[in-house]
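Report on the structure given below.
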Amino acid sequence: MFLPSPWRQFFPGILALAEQQQTWLDSAATAQKPQVMIDTLSQYYQQGVANVHRAQHQPGERATRAFEAARSSIADWLQADANDTVIFTKGSTEGINLLSQALAHHFQAGDEILISAYEHHANLLPWQQLARARDLTLKVLPMDKHGHLDIDYAIRQLSTRSKVVAISALSNVIGHRQSLQPLLAAARKAGAWTVIDGAQAAVHQRPNVQQLDCDFFVCSAHKLYGPDGVGVLFARQHAVTALRHWQFGGEMVRRCDYQQAEFLPAPLGFEPGTPSTANIVAFAATLDWLQSLDSQAIAEHEARLHAAVLTGLQERGMQIIGSPNCALISFNAPQIHHSDLALLLGEQGVAVRAGHHCAMPLLQSLGLAGALRVSLAMYNNGDDIQHFFSALDQALEILQ
Amino acid sequence: MSGLSRAAQQAVHDFQSCQQWEQRARLLLQWGAQLDELPEALRTPDNLVHGCETRVWLLLDQQADPLCFQVASEARLLRGLLALLLLRITGLNAKQMVEVDVAEWFALLGLSRQLSPSRSNGLTAVLLKMQALLAQN
Ligand SMILES: Cc1ncc(COP(=O)(O)O)c(C=O)c1O
């Protein structure tokens with residue numbers, strides 16, 4: 001299978017794994033890092049560190065400048081408007097938790113939160129727990145038989161009681177990308193805040209938050225070839241003022257005495273404590289580098305890999321979940337427990353994910369105990385796919 | 001390792017004779033196929049082992065003398081690992097069971113990696129539940 005990746009050479013981690021006879025097909029969990037990200041991190045620490053925003057000294061100024069430059073460059077990558085806000089978080093999970101708590105005071109018993117049936121626990125549990133605490137209704141929007149969100153049905157579910165519509169732009173199990181704009185537009189008309197979980201989608205297509213026209217958007221750096229422990233919460237200008245401060249501490253306060261305090265507005269008011277400055281700077285450098293590449297060529301490469309995996313699985317009679325069209329595919333072998341297959345693939349140095357993929361309700365609703373997932377990134381190539389299929393064939397032969 | 005039953009010694013010999021992972025996997029499947037599984041009626045939520053992605057049920061038969069664990073698993077390779085675990089502790093009393101060095105046992109079989117904490121196959125969770133059941137006993 002001749003599908004070379006011209007970008008593979010930029011990822012020392014994928015090359016190191018290959019030397020360890022490991023084929024990385026679990027990028028939806030976390031992606032390997034490009035050299036530029038590693039270099040930026042190392043340079044940041046090498047030149048001497050300082051806290052941001054608090055110090056009058058020159059190293060502090062330099063750190064603050066780098067930090068705020070990273071914020072603008074990430075806003076630029078998101079194609080945000082100048083008045084929109086980028087809040088740094090630990091990741092998508094924290095971004096959604098922040099929203100569920102910082103919006104909570106707007107909701108009354110009987111109000112509705114709408115999510116899809118395929119949400120990751122990160123975009124389910126914060127809303128579920130909020131609904132339970134405040135007596136709200138959590139409405140779960142169903143999928144059709146292809147595992148796609150039924151958009152027309154979803155729109156019909158909206159009412160004046162709908163307060164939040166929180167949807168993943170790409171399911172980490174089904175791997176299907178679809179246009180959410182009509183739903184988002186209808187939700188806004190109904191007066192609901194719209195939240196996009198971009199954790200999976202952002203790495204396969206540069207987000208355009210203005211075109212998407214959502215109120216909030218979250219993603220995680222580590223799935224975007226960036227460092228661990230950093231994420232972004234994007235908020236539109238008109239939505240950011242709805243957020244109430246949710247965590248308290250240094251950096252986020254304007255005035256404070258023993259009994260009361262006044263807080264800074266977003267973003268700083270939502271970034272208490274010392275931020276992950278080095279990682280944030282390295283994340284921005286990673287995105288700058290990504291933007292310097294031919295995104296069309298990357299998308300085409302990933303689509304070819306995806307098609308090759310899909311065809312190979314279909315030829316072998318594997319049961320594929322839904323109709324995936326992007327980046328990842330979940331499947332089971334008939335009559336074989338997913339963990340048996342995963343163990344034998346692992347024995348052969350193939351790193352795929354097996355289990356419920358942090359989407360237990362989804363797998364339960366499909367009547368599955370679990371599934372295997374192959375996920376792809378720009379550095380994968382035809383050899384990876386070939387290795388996967390020869391390992392799969394071996395495993396199937398042993399288990400059949 | 002001291003105190004291995006004859007059957008356990010034989011298993012060590014069989015696993016150590018495996019040259020390749022395929023042979024080890026096939027042997028593991030054979031062990032799994034021999035496991036007397038917990039009857040369906042006893043596969044209750046109470047007997048489920050928490051913390052494995054694969055469903056595993058575990059029961060300590062209080063009446064039996066010597067003590068006897070019964071297990072069931074949906075996955076065939078895990079069933080093999082469980083059968084090997086039971087092989088190691090069968091015939092021991094509670095105190096002896098707790099003292100068994102399970103890591104050493106699986107290392108002897110060339111199956112150490114199956115015990116690592118990141119494994120979601122559940123063997124580690126099974127061990128914890130076994131210890132808890134023995135402590136209650
Ligand atoms: C769709 C989706 N949402 C949210 C998350 C959570 O991301 P993180 O663990 O980086 O916070 C994930 C991670 O797997 C995901 O796939």
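The values are calculated or read from the model by the stated rules, or taken from the named source; none is laboratory data. This structure is a prediction, so every number in the text was calculated from the model and none was measured. Here the Cβ positions follow ideal geometry from the backbone for every residue, glycine too, while neighbour counts run over all protein chains shown. Ligands, DNA and RNA are excluded from the accessible area calculation, which covers all protein heavy atoms including side chains. Shrake-Rupley method; radii C 1.70, N 1.55, O 1.52, S 1.80 Å.
Here are a few things to note about the model shown:
- Residues being within 16 Å of the ligand (Cβ to nearest atom) and closer than 24 Å to residue A:185 by Cβ - total across the stretch A:127-161: 7
- Test: residue B:110 is modelled with pLDDT of 90 or more and part of a loop (DSSP other than H, G, I, E, B): yes
- When restricted to residues that are at pLDDT 95 or above, surrounded by fewer than 15 Cβ atoms within 10 Å (Cβ to Cβ) and either outside any loop (DSSP other than H, G, I, E, B) or among the charged types (D, E, K, R) (or both), the stretch A:141-180 contains 3.
- Among the residues of the stretch A:324-331, at least one is touching a Lys or Arg at 6+ places or on another chain (Cβ under 9 Å) and either open to solvent by 20 Å² or more (accessible area, probe 1.4 Å) or within 12 Å of chain B (Cβ to nearest Cβ) (or both).
- Filtering the stretch B:11-37 to residues that are away from chain A (no Cβ under 11 Å), farther than 14 Å from residue B:106 by Cβ, open to solvent by less than 100 Å² (accessible area, probe 1.4 Å) and under 16 Å from the mean Cα position of the chain (by Cα) leaves B:33, B:35, B:37.
For every residue, the table says whether it meets (1) open to solvent by 40 Å² or more (accessible area, probe 1.4 Å); (2) in contact with a Pro (Cβ under 8 Å, 6 or more places away or on another chain); (3) of a type in the set (Gly, Ala, Ser); (4) within 16 Å of the ligand (Cβ to nearest atom).
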{"residue": "A:29", "(1), (2), (3), (4)": "no, no, yes, yes"}
{"residue": "A:35", "(1), (2), (3), (4)": "yes, yes, no, no"}
{"residue": "A:54", "(1), (2), (3), (4)": "yes, no, no, no"}
{"residue": "A:61", "(1), (2), (3), (4)": "yes, no, no, no"}
{"residue": "A:68", "(1), (2), (3), (4)": "yes, no, no, no"}
{"residue": "A:90", "(1), (2), (3), (4)": "yes, no, no, yes"}
{"residue": "A:94", "(1), (2), (3), (4)": "no, no, no, yes"}
{"residue": "A:106", "(1), (2), (3), (4)": "yes, no, no, no"}
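- Restricting the stretch A:221-268 to residues that are open to solvent by less than 10 Å² (accessible area, probe 1.4 Å), within 16 Å of the ligand (Cβ to nearest atom) and under 17 Å from residue A:197 (Cα atoms), the residue that is farthest from the other protein chains (Cβ to nearest Cβ): A:234
- Residues of the stretch A:74-88 that turn out to be within 16 Å of the ligand (Cβ to nearest atom) and closer than 17 Å to residue A:244 by Cα, as a count: 2
- Enumeration of residues in the stretch A:270-289 that are closer than 20 Å to residue A:379 by Cα and open to solvent by 30 Å² or more (accessible area, probe 1.4 Å): A:288, A:289
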